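Any read-out appearing in this document is the output of simple, stated calculations on the displayed coordinates, not a laboratory observation. Nothing here was measured: the structure is a model prediction, and the numbers come from that model. We place every Cβ from the backbone using ideal geometry, glycine too, and count neighbours over all the protein chains shown.
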Amino acid sequence: MKRKLLSIILLLSVLCLFTACTEPTTANHSGSKDTTIEPKNDSELPASTLKSGDSGEDVKELQAALVKIGYEISVTGNFDNETTEALKDFQAQQVKLPASGEYNQATMKWLKKALDGEFAVEPGKGSVPISNPEETVIVDDPSDTLVLVNKSHALPNDYIPDDLIAPNVRFPFTQDLPKRYMREEAAHALEDLFKASDKAGLDLFAQSGYRSYNTQESIFASYVAKDGEDAANKYSARPGESEHQTGLTMDVTSPEINFNLNTNFAKTEEGKWVKAHAHEYGFIIRYPKGKESITKYQYEPWHLRYVGKEVATVIHEKDITLEKYLGAL
């Protein structure tokens, strides 16, 4: 009996010892496992506004985030040109972000979404060559709705949009001329704009839309003969550098100024309405007042360029140019 009791006590002792040895090991394993699980997005995004020339830990965090979504840049803590260009490229792929190359709260919001995998980023897809007054590049995709056409970015000589139609709006002439035409999407948007202006009791007219390379060549040559090339190029584009060739532009006017195209249009009720509402239909005033140093053209309140509602709204609300929006500065 005593032997049996001793055997039971010995067995219980062994069981207790086994439990004591194994429980801490299990607990330690669980603790170790918790600390090695990495969240989907373990990057810290800086809360401060950052721009070219800044440096420090916040810049490092921004650079690390850009690397994480595919940009091949160095994490140095210095907001250098490489960082600026990567950020511009990222911003250019988000409709609601101007490609300013500056990091702010709006950019942080979209960068966080990219890190969380809510959308894919394609490094290099949003890049637009910087405007260089000493050099003109031929654009890669002239049919892009957001194609940048200016004194540094030209259309191919032979580019003719393949979807030109005449919008059903008023013109001060009856002939079926090429300048009646626009690309289909822009033409329908112009029709909506005119319907809205009609409801507002206005008398808006379309004056000049599509213009071929050859036509622009003749027009510019006549202005050069009259005023000289430098002066002419302040109010008229060289062939290939005219937005009218895109089929996305329409000059508008009103009877109050005898259907002319001049700055007096801005003083008319039609001009005031266009300035306030064109973005609602996808248009921007391409050459706004006070931005001549950026656009390199004189103020043209009559010149409407179609870019789509979302982009037009961003440009209107932020009071910027298409160059600024696309990051070409």
Note to self: Quick check on my filter: what residues within the stretch 133-178 are in contact with a Phe, Trp or Tyr (Cβ under 7 Å, 6 or more places away or on another chain), among the aliphatic types (A, V, I, L, M), free of Cβ contacts under 8 Å to residues at least 60 places away in the same chain and surrounded by fewer than 18 Cβ atoms within 10 Å (Cβ to Cβ)?
What the structure shows: Ile165, Ala166
Note to self: Considering only residues that are farther than 12 Å from Glu122 by Cα, buried (at least 16 other Cβ atoms within 10 Å of the Cβ) and among the β-branched types (Val, Ile, Thr), which ones fall in the stretch 60-82?
What the structure shows: Ile73
Checklist line | Some residue of the stretch 262-281 being hydroxyl-bearing (Ser, Thr, Tyr), under 21 Å from the mean Cα position of the chain (by Cα) and under 16 Å from Val149 (Cα atoms) | finding: no
Check: Going through the stretch 184-201 one residue at a time, which ones are buried (at least 18 other Cβ atoms within 10 Å of the Cβ) and either among the β-branched types (Val, Ile, Thr) or over 20 Å from Gly247 (Cα atoms) (or both)?
Finding: Ser197
Check: Among the listed residues Glu310, Glu292, which satisfies the condition of being out of contact with any helix residue (DSSP H, G or I) (no Cβ under 7 Å at 6 or more places or on another chain), over 18 Å from Lys195 (Cβ atoms) and touching a residue at least 40 places away in the same chain (Cβ under 8 Å)?
Finding: Glu310
Notebook entry, point to check: Cβ-Cβ below 6 Å, separation at least six or inter-chain, first residue in the stretch 315-326 and within 14 Å of Arg305 (Cα to Cα), second in a helix (DSSP H, G or I) and of a type in the set (Asp, Glu): which pairs?
Noted result: none
Checklist line | Residues being closer than 16 Å to Leu111 by Cα and either touching a Leu at 6+ places or on another chain (Cβ under 6 Å) or assigned to a helix (DSSP H, G or I) (or both) - total across the stretch 51-64 | finding: 7
Checklist line | When residues of the stretch 65-108 are limited to those that are part of a helix (DSSP H, G or I) and among the basic types (Lys, Arg), the one nearest to Leu148 (Cα to Cα) | finding: Lys88
Check: From the set of residues in the stretch 148-166 that are in a loop (DSSP other than H, G, I, E, B) and closer than 22 Å to Ser293 by Cβ, which is nearest to the chain's Cα centre (by Cα)?
Finding: Leu148
Next item on the list: Return only the number of the condition from (1) surrounded by fewer than 16 Cβ atoms within 10 Å (Cβ to Cβ); (2) not in a loop (DSSP other than H, G, I, E, B) that Ile130 does not satisfy.
Entry: (2)
